[in-house]
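Below: one structure, written as structure tokens.
The values are calculated or read from the model by the stated rules, or taken from the named source; none is laboratory data. The model shown is predicted, which means the values in this text are computed figures rather than measured ones. For neighbour counting, all protein chains shown are included, and Cβ atoms are generated from backbone atoms with ideal geometry for every residue, glycine included. These accessible areas exclude ligands, DNA and RNA; they are computed on the full protein's heavy atoms, side chains included. Shrake-Rupley method; radii C 1.70, N 1.55, O 1.52, S 1.80 Å.
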Amino acid sequence: MMEKEEAKRHGRRLVLVVYPSQGHINPMLQLATILYSKGFSIIILHPEFNSPNHSNHPDFSFVSIPGGLSNVSASPGDIVATISAINRSCEAPFQRYLEQILEVEDPHDRVAGVIYDGFMHFAQRVANHLKLPGISMCTTAAASLLAFAVSRHPDGHGYIPYQDSLSQLDQEPELEALKLEDIIKSAAGNPTSLEQRAIIKESTKNASAIIVNTIHFLEQKKLTKVQEYFGNPIFPIGPFHKLAPSSSSSLLEEDTNCISWLDKQALESVIYVSFGSMTSMDENELLEIASGLASSELPFLWVVRPGLVTGSEWVEELLPESFWKRVEAEGRGCIVKWAPQKEVLAHGAVGGFWSHCGWNSILESVCEGVPMLCRPIFGDQPLNVRYVCDVWKIGLEIEGVLERGKIEKGIRRLMIDSEGLEIRQRAKGLKEKANFCLSEDGSSYNALNELVQHILSS
Ligand code: UDX
């Protein structure tokens, strides 16, 4: 039975190359699960540090790329250094590995292609060298790819778009309010250095296709622009997590006690607070958030990841006794180190999501119809917020210095005020549309089938 199953996968071997941070590991392993379900066999290559848990994915083969990177930090401040270090040290071992498997390759079981996280651009160079099709996978919005096309003006002042047509597009009366200006701002604030951006841009142009974890209707016009600019087919097959619901790739242990706590809360009453896997804040910001949550008088589930406050493992010693007393007395708060986020967002008690607006978090919220409170920190997040607040209008932003009064007001505006009610209705509408795209003949369903054909015919 098993042999029969494997025989079906002959000639459909795919090598997937993961960038080692949570927001990148999740979508890549979800994509692997999706492609496995379409009959491909999967080899996952990953650097040694932040290794995904192999035992969670018994159907895949895992190969760890050695490279002495175990001490490299994946924190936002070091992201450029991390990306270049990984690309430097992984290229040669990756090439050696592929050469080895190609040497003993059964002609009927060829490697059909290399799919790599856009940050792992060395994989495209190796694929070119070995004459294998390389496919770039984008873990962010398609619009973020346009930021790679915006370059700094040679005189050092300002930025030039890749074509004037991009600015013309922004003058067109269209539903999307995402402006050139936002893309430029995101490019300017993006920690990926200009040099790395240029390399990523080149590898993406050389790819035989781009897979994006997005939904066509969410960014229709931007997808057209990305295709025009990069010149290769683009497959918006997202949201990956809905196509691979059982895929779990958490690096931290999920605290499932929060689900029993949610079970006791009223419908749509809880604000869920999480700032993803990489952001950090200072102690003062943490205290302001705690005070804002306490004075909002609404139930909250708050993820305080170890290291969220630099140098601190856990919040117990950081938050004042008065906070714990108040929250415990009212039974109104639950604080965990890491939550099963997709399950949390799908829980009926959750009525709002205060997020840093990482792209995975946004897609997960959109798919459950949960309105958002937005606090972008770095990278693609400021651009993502423009989608949430100005284009789809399913959230509100907390801007400027974090301060308890502002937080309390933001939470109550989203969760209780009539303004929040309208936002919630729109979020629910978006959920319906997202579900439709996944169903037979929906845009993601069709794009996935086209992707499979593309891989098989390359
Ligand atoms: C990073 C960038 O910040 C983000 O903007 C980019 O799009 C991807 O890489 P991260 O900051 O971790 O990712 O945010 P996000 O994209 O939201 O990914 C976080 C992932 O961790 C989500 O899939 C979320 O479900 C998961 N998560 C988060 C948990 O499972 N539990 C938690 O408690 C918090």
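Report whether or not E403 is at pLDDT 95 or above, open to solvent by 60 Å² or more (accessible area, probe 1.4 Å) and in the same structural domain as G276 (by TED's automatic domain parsing).
When the stated conditions are applied, E403 passes them.
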Seminar exercise, completed: Scanning region 117-135 residue by residue, those away from the ligand (no atom under 15 Å from the Cβ) and not hydrophobic (A, V, I, L, M, F, W, C) turn out to be H121, Q124, R125, N128, H129, K131, P133, G134
For this session: Can you tell me which residue among G113, G23 is surrounded by 20 or more Cβ atoms within 10 Å (Cβ to Cβ) and not assigned by TED's automatic domain parsing to the domain that holds S277?
Result: G113
Exercise. G238 is checked against (1) under 16 Å from S144 (Cα atoms); (2) open to solvent by less than 50 Å² (accessible area, probe 1.4 Å); (3) out of contact with any Ser or Thr (no Cβ under 7 Å at 6 or more places or on another chain) and fails just one. What number does that condition carry?
Worked result: (3)
Problem set entry | Condition check for E397: open to solvent by 30 Å² or more (accessible area, probe 1.4 Å), more than 16 Å from the ligand (Cβ to nearest atom) and not basic (K, R) | no
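Can you find, within region 271-285, the residue that is modelled with the highest pLDDT among those that are open to solvent by 30 Å² or more (accessible area, probe 1.4 Å) and within 10 Å of the ligand (Cβ to nearest atom)?
S277
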Exercise. Just for region 245-270: of the residues that are β-branched (V, I, T) and open to solvent by less than 30 Å² (accessible area, probe 1.4 Å), which one is nearest to I34 (Cα to Cα)?
Worked result: I259
Exercise. Say we look at region 313-342 and pick out the residues that are closer than 23 Å to Q381 by Cβ and assigned to a helix (DSSP H, G or I); which of these is nearest to the ligand (Cβ to nearest atom)?
Worked result: Q341
Problem set entry | Test: P233 is at pLDDT 95 or above, in the same structural domain as C138 (by TED's automatic domain parsing), open to solvent by 20 Å² or more (accessible area, probe 1.4 Å) and not charged (D, E, K, R) | yes
Problem set entry | Filter result for the condition that a residue is farther than 18 Å from I398 by Cα and of a type in the set (S, T, Y), over S269, S296 | S269
Exercise. When you look at Y445, is it out of contact with any strand residue (DSSP E or B) (no Cβ under 7 Å at 6 or more places or on another chain) and more than 16 Å from the ligand (Cβ to nearest atom), yes or no?
Worked result: yes
Problem set entry | Residues (under 19 Å from H454 (Cα atoms) and without any contact (Cβ under 8 Å) to a residue 60 or more places away in the chain) located in region 202-227 | K205, T224, Q227
